[in-house]
Amino acid sequence: MSYELPAPFKEMVKEYPDVCEAFQSLGAQCHNAGPLDEKARKLAKLGIAIGSGSEGAVHSAVRNALQAEVSKEEIMHVGILSITTIGLPNAIAAITWIKDLFKKP
């Protein structure tokens, strides 16, 4: 699945390359800081994105999970698990955002 970064982020990379490089380095260090394997990390990041209520973060987390060969069923399970934590309306919104990415070629 290919994806083009949003234009505002591309602009920020041009304007503040050192900040973006530091951000990417921090992300890599966070991913390598503990014992979770890649699949577990991708599912955890999806749960965090859902909990934050950010459509963009959920989209990004789903894209990253799919690229890491996490199944659609596993991704949907995270959305279902969110029902009892963040409430049905918020979980339905997150599930809708997840399904947005399942529709993309």
Give the residues of the range 53-105 that are aromatic (Phe, Trp, Tyr) and touching a Leu at 6+ places or on another chain (Cβ under 9 Å), sorted by residue number. 102
The lone exception for residue 10 - which of (1) outside any loop (DSSP other than H, G, I, E, B); (2) surrounded by 15 or more Cβ atoms within 10 Å (Cβ to Cβ) it fails: (2)
Out of 11, 21, 4, sole residue that is charged (D, E, K, R), closer than 28 Å to residue 91 by Cα and not assigned by TED's automatic domain parsing to the domain that holds residue 96: 4
Only residues in the range 89-105 that are in contact (Cβ under 8 Å) with a residue 40 or more places away in the chain and on the phi < 0 side of the Ramachandran plot count as the first member; pair them with residues that are surrounded by fewer than 18 Cβ atoms within 10 Å (Cβ to Cβ) and among the hydroxyl-bearing types (Ser, Thr, Tyr), Cβ under 6 angstrom, at least 6 apart or cross-chain, and list the lot. none
Out of the residues in the range 13-40 that are aliphatic (A, V, I, L, M) and over 26 Å from residue 77 (Cβ atoms), state the one that is surrounded by the most Cβ atoms within 10 Å (Cβ to Cβ). 13
How many residues are surrounded by 17 or more Cβ atoms within 10 Å (Cβ to Cβ) and within 19 Å of residue 37 (Cβ to Cβ) when one looks only at the range 50-105? 8
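The values are calculated or read from the model by the stated rules, or taken from the named source; none is laboratory data. Note that this is a predicted model, so its numbers are computed, not measured. So basically every Cβ, Gly included, is an ideal-geometry build from the backbone, and we count neighbours across all protein chains shown.
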